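Engineer: Before I ask anything, here is the structure I am working with.
A short reminder: the numbers here are calculations on the coordinates, not readings from a lab. The model shown is predicted, which means the values in this text are computed figures rather than measured ones. Glycine also receives a Cβ, built like all others from the backbone with ideal geometry; neighbour counts cover every protein chain displayed.
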Amino acid sequence: MSSSSTPTPQPLLTRCLLIAAALYVLVWSLLPPLLSQSLPLDVVESLSWGREWQWGTYKHPTLGPSVLHVFYMAFGKVGPFLLSQLCIVATLWMVWLTGCRLMSRERAFLGTVLTMGVAYYGWPAIEFNHNIAQMPTWAALGYLYVAALQDGRLHQWLLLGLMAGLGMLTKYSIGIILACMGLYILLSAYRKVLLGPGPWLALVVLCVVMAPHLYWLKTSEWLPFAYAGERAATASDSPRLAALGFLLTQFLNHLPLLCIAGFAALKARKQCQKEGLVASPWHLHTQHPALLLVLALGPGLLVTVLGVTLGMRLRDMWGTTMWAFSGLVVAACVPTAWLGVMRPRVVRGVGVWLVLLTIFAGIYLTYGAQLRKRPARMDWPAVALAQQAQQTWSQVSSCRLDVVAGDYWLSGLVATAIGSHGPSVLITGDARYSPWVTPQRLQQHGALWLRQEKDMDVYTSPPQPLEAVAQSTDFTVIDGTWNIAWAYDSKAQPLTVRWRAYVPASCVK
């Protein structure tokens, strides 16, 4: 039996899956904000960037934070979680389209469903960050790349350049899959496409999309790379060994997928043997095996090789975006005779995995702090902190609360909980980290500086430029302390926050 004769998924099954997928997105969009006291760490940090509409930050480009800010303005606390799920939906859609170009629709369906067996698409997706934002652009790049190579149409190359530019504006690591794509063209028969205008026009579009950010990088003295260099200098020893650990972590994140596919394959093999159906010799059931392997495995292997050979420090969560097409590889390995038998078992297996994951998430969000006897980031009393900040500021200043200063977690938590039109965050550290907070802005409105009591030895002075402005102009400085109860345990020692209000003379009450 050829792969082209394999029936496509039944319409009833497809409709049921779409309903189940919509319900899953709804649950994972509503459950976390209902059961948590605050937003995750990366969400708080990204919102503090996104509200400022900059072309870059000291860590990353800002396309993801800007989109996140829009969703937060539109949907409130639900927005970040809804955006994460929509990113996963868009990624799966691109995986499906890519699979349909590389193999039969039946295999594309199986591979797309199996993608949800990669652990990165479950619990980690609760925290929208640059990795989650990069998921759909990564998968879209794969689809457009395959389409451009197969069809060679000019608009496909232009869209590929546009998506590459948007990917770079999301996170620089999109360059890994772009490097794999470029190497594949150079080393395969597809290098003949370099004789046409398509790839070069794609490169031009990429440069045009990146131009504003490149200008920002130049004017900021390449701040993100300087920051990354500082972080690398303080990283632990043995980065080459850590690179191998990175690869092991990626394997562990594929265990749900491999277990589901393996169990379904064993059942299919037994049933086919009973029916006298003989599986064809093992091979990848695709007309483009090299292209599939480059997209699915190339980025992860390339990063590992670079880590081992160059001693480059790798972080496990970088793998979040790299495995969009690994489910397609597994689907391509399945003998044709097994497909019809495996399909319902894979769907049920992935469904059970996602239900268990959802139950675990609900239990963790509801009772995690009590079980650990300490709060996680999402257990922090964000609303109480924001109310206390607004109340304190209104008692000492007639101006609105325009700037909250301090470490990016505490100050960002207050600014975010106040709302999408709340104060800006002045981050402790290099003054270049918060270019939106100018001396003129501080002179006009002042700022509220926050520190946790346990960090008093670390943050002994306010961040620049607040300290310089306060010393050179007429400010009234007022200190105080908040003691805020934890929602998970009213008997636990309260959160102690030291605050200092820098109030300009024109705003003193």
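Engineer: Given R₀ = 35 Å, FRET efficiency for residue 16-residue 452 by Cβ-Cβ distance, to 0.05?
Structural biologist: 0.10
Engineer: In debye to the nearest 20, how big a dipole does the stretch 356-442 give about its Cα centre with +1 on each Lys and Arg Cβ and -1 on each Asp and Glu Cβ?
Structural biologist: 160 debye
Engineer: Sticking with this one: Test of understanding: what is the full-extension gain from residue 399 to residue 218, defined as 0.36 nm times their sequence separation minus their Cα-Cα distance?
Structural biologist: 61.6 nm
Engineer: What does the C-alpha gyration tensor say about the overall shape of the stretch 136-239? Classify as rounded when a/c is under 1.5, otherwise prolate if a/b is larger than b/c, or oblate.
Structural biologist: Because a/c hits 1.5 or more and a/b exceeds b/c, the stretch 136-239 counts as prolate.
Engineer: If each of residue 373 and residue 73 carries a label point 7 Å out from its Cα toward its Cβ, how far apart are those two points in nm?
Structural biologist: 4.6 nm
Engineer: Check the chain for me: any Cys whose beta-carbon has no other cysteine beta-carbon within less than 4.7 Å?
Structural biologist: Result for the chain is 16, 87, 100, 180, 207, 259, 272, 333, no neighbouring Cys Cβ within the cutoff.
Engineer: Out of (1) 20, 49, 25, 5, 0; (2) 19, 40, 35, 6, 0; (3) 22, 55, 22, 1, which label holds the value of P(r) over Cα pairs in 20 Å bins from 0, in percent that was computed here?
Structural biologist: Given (1) 20, 49, 25, 5, 0; (2) 19, 40, 35, 6, 0; (3) 22, 55, 22, 1, the calculated one carries the label (1).
Engineer: For residue 424, enumerate residues with amide H under 5 Å from its amide H, sequence gap 5+ or separate chain, H modeled in the peptide plane.
Structural biologist: When sequence neighbours closer than 5 places are left aside, the close amide H contacts are 403, 404.
Engineer: Let me ask another. What FRET efficiency do you get for residue 479 and residue 432 if R0 is 22 Å and r is their Cβ-Cβ distance, rounded to the nearest 0.05?
Structural biologist: 0.20
Engineer: With θ taken as phi - 60° and the coefficients 6.51, -1.76 and 1.60, list the Karplus ³J(HN,Hα) couplings across the stretch 31-39 in order, rounded to whole Hz; mark glycine and proline as x.
Structural biologist: With coefficients 6.51, -1.76 and 1.60, one gets 4, x, x, 6, 9, 10, 8, 8, 7 Hz.
Engineer: If you take every DSSP beta bridge whose two residues both sit in the chain, what share of them, in percent to the nearest 5, is antiparallel?
Structural biologist: Among the beta bridges of the chain, antiparallel pairing accounts for roughly 70 percent.
Engineer: How much length would be gained if the chain were fully extended between residue 359 and residue 231, taking 0.36 nm per residue of separation minus their Cα-Cα distance, in nm to one decimal?
Structural biologist: Extending this stretch completely gives an extra 42.4 nm.
Engineer: Then there is this: Output wanted: per-residue J couplings in Hz (rounded whole) for the stretch 50-60, from phi through Karplus 6.51 cos²θ - 1.76 cosθ + 1.60, θ = phi - 60°, x for Gly and Pro.
Structural biologist: x, 5, 8, 6, 8, 8, x, 10, 6, 10, 9
Engineer: Work out how much length residue 274 to residue 151 would gain on full extension: take 0.36 nm times their residue separation and subtract the Cα-Cα distance, in nm to one decimal.
Structural biologist: Stretched out fully, the residue 274 to residue 151 stretch lengthens by 40.0 nm.
Engineer: Same structure again: Can you tell me the orientation of helix 382-396 relative to the chain, as the angle in degrees between its alpha-carbon axis and the longest Cα principal axis, to the nearest 10?
Structural biologist: The angle comes out near 30 degrees.
Engineer: Under 8 Å for C-alpha pairs, at least 6 residues apart: give me the relative contact order for the stretch 3-362, rounded to a whole percent.
Structural biologist: 24 percent
Engineer: While we're looking at this one, here's another question. Placing unit charges on C-beta atoms (Lys and Arg positive, Asp and Glu negative, everything else neutral), compute the dipole magnitude of the chain about its Cα centre in debye, rounded to 20.
Structural biologist: 1480 debye
Engineer: Would you be so kind as to identify which of 413, 284, 304 lies farthest towards the positive end of the dipole of the chain, taking Lys and Arg as +1 and Asp and Glu as -1 on Cβ and the Cα centre as origin?
Structural biologist: Positive-end residue among those listed: 284.
Engineer: Pop out the ³J(HN,Hα) list for the stretch 14-29 in order, Karplus 6.51 cos²θ - 1.76 cosθ + 1.60 with θ = phi - 60°, rounded to Hz; leave Gly and Pro as x.
Structural biologist: 4, 5, 5, 5, 5, 5, 5, 5, 4, 5, 4, 4, 5, 5, 6, 8
Engineer: Once both labels are modelled 7 Å past Cα along the beta-carbon direction, what's the residue 282-residue 333 spacing in nm?
Structural biologist: Using points 7 Å along Cα→Cβ, the separation is 0.7 nm.
Engineer: What's the exposure ranking of 30, 149, going from fewest to most Cβ atoms within 10 Å?
Structural biologist: Ascending number of Cβ neighbours within 10 Å: 30, 149.
Engineer: With each label point set 7 Å from Cα along the Cα-Cβ vector, what nm distance links residue 352 and residue 187?
Structural biologist: 4.0 nm
Engineer: Can you tell me the orientation of helix 239-253 relative to the chain, as the angle in degrees between its alpha-carbon axis and the longest Cα principal axis, to the nearest 10?
Structural biologist: 60 degrees
Engineer: Name the long-range amide H neighbours of residue 288: under 5 Å, sequence gap of 5 or more, or other chain; modelled H, no Pro or chain starts.
Structural biologist: Distant-sequence amide H within range of residue 288: zero hits.
Engineer: Also, quick follow-up: Hey, with R₀ at 25 Å, roughly what FRET efficiency would residue 90 and residue 366 work out to, going by the Cβ-Cβ distance, to 0.05?
Structural biologist: Here the calculated transfer efficiency is 0.30.
Engineer: Helix 339-372 versus the longest principal axis of the chain: what angle, 0 to 90°, nearest 10, using Cα atoms?
Structural biologist: On a 0 to 90 degree scale, this one is about 20.
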